[in-house]
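Comments concern the structure below.
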Amino acid sequence: MSPPEIKEAILDILESIAPDEDVTNVKDDVPLREQLELDSMDFLDIVMELRKRYRVQIPEDDYVQLATINSTVEYLAPLMKDLQKA
Amino acid sequence: MIAGLPDRERIVITGVGLAAPNGNNLSEFRESLLENRSGVSPYEIRYFGKTLAGICHFDERRYQTKKDQRRGTRAGSIGIYCAHEAVNDSGLDWPNVDKANVGIYIGVTEHGNVETENEIHELRSYDYDTKFWSHHHNPRTVANNPAGEISLNLGITGPHYTIGAACAAGNAGIIQGAQMLRLGECDVALAGGVSESIHTFGIFASFRSQGALASHDDPARASRPFDVDRNGIVVAEGGCLYVLERLSDARKRGARIYGEIAGYAINSDASDFVLPNSDRQAECVERALRRAGLAAEQVDIVSTHATGTASGDVQESAALRRVFGESPHAQFNNAKSFIGHAMGAAGALELGGNLPAFGDRVCHHTMNVDALDPECALQGLVTREPRECKSVNVILNNSFGMLGINSVVIVQRI
């Protein structure tokens with residue numbers, strides 16, 4: 001998957017986790033928590049959805065990498081580069 | 001019990017919020033009961049297949065966001081809906097109510113089976129690798145979940161918990177609320193019961209294996225307590241929560257009072273896991289009457305528990321004949337014949353359906369008694385159509401459950 005495809009996958013997951021919010025205008029370089037109502041359970045949902053949809057395992061120490069769209073894509077790019085779009 | 005008690009120890013109902021398969025509030029539910037409108041529909045659930053159930057149609061989004069729903073449970077949604085409706089109905093100045101002094105006491109038959117079944121079903125797609133087991137499982141399945149979701153949604157910081165009492169739970173929730181008000185643990189109690197049980201295949205499969213699941217070509221005719229052709233339980237979901245207050249507080253704010261919790265009792269059969277015991281049921285009714293300072297002949301309406309099983313209806317009828325005699329003054333009815341068995345919500349819902357009788361003096365009937373089982377013969381059983389009474393001052397509500405738990409609540413007009 002390319003970085004734009006990974007971003008699309010992240011937005012897709014965010015849409016299911018925050019169904020009352022419009023995720024299309026989320027800024028790539030601003031922390032997600034500042035833009036959406038997300039708590040720690042929601043971040044665990046992001047981790048779980050990545051695991052379920054793409055079999056990507058994210059160690060707990062790396063959760064901080066999921067702060068913004070940019071940091072998430074950057075972190076996931078090497079892990080997901082060989083995957084096909086779901 | 002109430003005779004001579006000061007007003008601060010007398011507990012009254014000042015609000016009702018409910019979700020029934022044939023009504024989303026008390027007036028709709030009551031209208032359905034008086035107009036012979038069933039809430040039983042065809043239903044299908046994974047693994048089990050086609051069956052019948054009482055399915056609620058309240059607007060879940062009225063008091064919850066999509067995210068609330070996604071995160072929580074069906075029991076939580078039912079509880080939140082009923083709690084808001086009850087508070088609105090009570091006329092309490094809710095923004096100015098001290099939320100630390102509100103208690104939430106919710107009866108449940110079971111909780112957690114729905115989410116556990118969902119997770120195991122989901123896990124099958126991942127070859128039962130528990131790394132894919134949801135972190136939501138624990139907060140959704142803890143036994144206090146339905147009460148806790150109400151606390152979170154309404155910002156109530158007083159005590160919240162559920163009371164596990166099988167199908168006696170609706171009454172048990174009301175009793176707990178009344179007791180906590182008397183103890184001064186809260187000033188407002190949200191009390192009653194909820195059930196999400198139709199979303200677990202296990203309950204249908206277990207009742208079927210027990211030979212206690214109803215079936216009928218016409219869904220509306222499947223739930224038929226006391227009828228000779230009854231063949232089991234129709235499982236339903238639903239909820240009914242009451243706002244309970246001390247009489248002194250209710251009078252001070254000029255609240256509309258539905259009735260007073262005049263007496264109650266809970267006891268145990270100590271005789272069988274599933275088979276009821278009419279002697280213990282009769283003792284439970286007698287104890288509640290004694291506490292209320294009432295004689296059996298002062299009861300105007302008895303809301304029966306009967307679920308449509310072969311043995312249960314016979315046992316309850318025997319208990320009621322023992323207490324009320326062969327020629328009772330009371331009228332007897334049964335709401336499960338309309339909506340099925342709403343499990344932990346049943347006791348609270350069935351009481352609710354009768355409360356308007358204090359005003360209109362009409363005892364709703366029992367549906368589907370086409371041929372009364374002679375073993376269930378109850379002089380005063382209202383069948384076919386509602387019956388007008390000369391006066392309605394006392395309603396007695398039975399609710400019994402597995403493992404031999406019996407509960408009775410008596411409400412008196414005030």
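Look at B:GLY173 and say whether it is more than 14 Å from chain A (Cβ to nearest Cβ) and within 23 Å of B:LEU396 (Cβ to Cβ). When the stated conditions are applied, B:GLY173 passes them. Considering region A:59-68, and only residues there that are under 11 Å from the mean Cα position of the chain (by Cα) and farther than 13 Å from A:LEU11 by Cα, the residue that is nearest to the other protein chains (Cβ to nearest Cβ) turns out to be A:TYR63. Those helices (runs of 4 or more DSSP H) of region B:16-127 in which at least 2 residues are touching a residue at least 60 places away in the same chain (Cβ under 8 Å), within 28 Å of A:LEU38 (Cα to Cα) and within 14 Å of another protein chain (Cβ to nearest Cβ), considering only elements entirely within it, cover B:66-71. Checking each residue in region A:1-30 for being within 14 Å of chain B (Cβ to nearest Cβ) and outside any helix (DSSP H, G or I) picks out A:ALA18, A:PRO19, A:ASP20, A:GLU21, A:ASP22, A:VAL23. Please verify whether B:ARG256 is part of a loop (DSSP other than H, G, I, E, B) and closer than 30 Å to B:ILE150 by Cα, treating the condition exactly as stated. Yes. Counting residues in region A:69-85 that are within 14 Å of another protein chain (Cβ to nearest Cβ) and surrounded by 14 or more Cβ atoms within 10 Å (Cβ to Cβ) gives zero.
Quick check: is even one residue across region B:77-94 surrounded by fewer than 16 Cβ atoms within 10 Å (Cβ to Cβ) and among the hydrophobic types (A, V, I, L, M, F, W, C)? Yes. If only residues of region B:133-144 that are within 14 Å of chain A (Cβ to nearest Cβ) and touching a Ser or Thr at 6+ places or on another chain (Cβ under 8 Å) are counted, the one that is surrounded by the most Cβ atoms within 10 Å (Cβ to Cβ) is B:ARG140. State whether the residues of region B:302-309 include one that is farther than 18 Å from B:GLY380 by Cβ, touching a Lys or Arg at 6+ places or on another chain (Cβ under 8 Å) and among the hydrophobic types (A, V, I, L, M, F, W, C). No, region B:302-309 has no match at all.
For first residues located in region A:31-49 and within 9 Å of chain B (Cβ to nearest Cβ), partners that are among the charged types (D, E, K, R) and in a loop (DSSP other than H, G, I, E, B) and lie 6+ apart or on another chain with Cβ distances below 8 Å form the pairs A:GLU37/A:GLU21.
Of all residues in region A:8-25, those satisfying the criterion of being surrounded by 19 or more Cβ atoms within 10 Å (Cβ to Cβ) and farther than 16 Å from B:PHE132 by Cβ are A:ALA9, A:ILE10, A:LEU14, A:ILE17, A:ALA18, A:VAL23.
Values quoted throughout were computed directly from the atomic coordinates according to the rules given, and no laboratory measurement underlies them. What you see is a predicted model, and the numbers here were worked out from it, not measured in a lab. All Cβ positions, glycine included, derive from the backbone under ideal geometry; neighbour counts span all protein chains shown.
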